[in-house]
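The values are calculated or read from the model by the stated rules, or taken from the named source; none is laboratory data. Keep in mind the model is a prediction, meaning the values are calculated, not measured. Cβ coordinates were reconstructed from backbone atoms using ideal geometry, including for glycine residues, and neighbour counts include every protein chain displayed. Protein only, heavy atoms only, side chains kept; ligands, DNA and RNA dropped before computing areas. Shrake-Rupley method; radii C 1.70, N 1.55, O 1.52, S 1.80 Å.
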Amino acid sequence: MTQTLATAPRALPTPAPRSSRRRRGRGALAARIAAAVVICGILLFPLYWMVVVAFSSRAELLGGDLRLWPRSWTMENFQRVLSSFPVITWFGNSIAISVVVALITVTVSLLAGYAFAHLRFRGSNVLFLVALSTLMIPVQVIMVALFQLVTTLGIYGSYWAVILPTAASAFGVFLARQFMLAIPRDLIEAARMDGAGHLRVFTRIVLPLSKPLIAVLFFMSLLQSWNDFAWPLIALKDNSLFTLPIGLLYLQGQFGSDYGATMAFALLNVTPMVILFLVFQRYFVQGFARSGIR
């Protein structure tokens, strides 16, 4: 009897009902969604508050009775800013400088990334490491040298004094190289065996496959140039050539306590980049995912 009980197989644990597993899965999904909503709310609240202050009346802002939703939406802050400063001119300057910088950065990054990824030449790894090492140098360290350079070239005080020193970046080259390493080398070698040169391979094969990368590089360089403040403040001396970040500095000096006007100007500065990100966010995510950067 004892031997029979010892050798009897143990009863297997009863699996949990499928309905309970579904409830636990739904609960975990609801918790993740709630956490994502809370985090998004925290991140977006400054932008929301900027909009509220920008469209609130001055009496409401100074009266100490400001709420999370304005009692009446008004455009007086925008009208005051547009009538006091050449905002349209500064907006056009920001667009011109940022677009040219973005185009040069994309072109240089794509060409350099293709060379480092698919061309074999002596010293390529060393040259690539030297380019990456420039990321560790703060821009404040080289501002004096940049100022002497643009002064020697005779472009100080012009658009090119801002464009040339900021065009192209080591991070863009690194991102392009990582992205192009994922392009099958057999595809490029097949084109080379068919008689295609490097320029034709680059334009006919690499570029059509690099649309997400181009979107990422263009948006990142455009955003960086759009928000750049320190170097344009040094390189530009004419009021008609100022960009929006420099204009915001002058607005704060004149309207130090006018928070409505300040937020209205800041909203004009932020809105184009937000719209651009929403339009190209799919390519933005794909570019980072395919480049291997997490």
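Ordering Met263, Met50 by accessible area with a probe of 1.4 Å, largest first, what comes out?
Met263, Met50
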Checklist outcome for this item: For Lys237, placing the label point 7 angstrom along Cα-to-beta-carbon and taking the range 122-155, residues whose amide nitrogen sits under 20 Å are 143-155
Checklist entry - For the chain, what is the accessible area per residue in Å² when the probe is 1.4 Å? => result 61 Å²
Checklist entry - Once you put a point 7 Å from the Cα of Phe229 and another 7 Å from the Cα of Trp69, both along the Cβ direction, what distance in nm separates them? => result 3.3 nm
Checklist entry - Helix-derived [θ] at 222 nm for the chain: sum -39500 (n - 2.57) over DSSP H runs of at least 4, divide by residue count, nearest 500? => result -23000 deg cm²/dmol
Checklist entry - Within the accessible area of the chain, what % is carbon and sulfur when the probe is 1.4 Å and the other protein chains stay in place? => result 67 percent
Checklist entry - So if we plug the beta-carbon distance of Thr89 and Thr152 into 1/(1 + (r/R0)^6) with R0 = 22 Å, what FRET efficiency do we get, rounded to 0.05? => result 0.20
Next on the checklist: Students sometimes get this wrong: rank Val51, Val101 by accessible area, probe 1.4 Å, all chains present, largest first.
Outcome noted: Val51, Val101
Checklist outcome for this item: Membrane-span-like helices (DSSP H runs, Cα span along own axis at least 27 Å, mean Kyte-Doolittle at least -1.0) in the chain -> 18-54, 87-118, 259-290
Next on the checklist: What figure, in Å² to the nearest 10, do you get for the accessible area of Asp238 with a 1.4 Å probe and non-protein molecules left out?
Outcome noted: 70 Å²
Checklist entry - What FRET efficiency do you get for Leu132 and Leu82 if R0 is 35 Å and r is their Cβ-Cβ distance, rounded to the nearest 0.05? => result 0.20
Item to check | Amide N proximity, the range 202-216 versus Arg192 label position 7 Å along Cα-to-Cβ, cut-off under 17 Å | outcome: 202-207
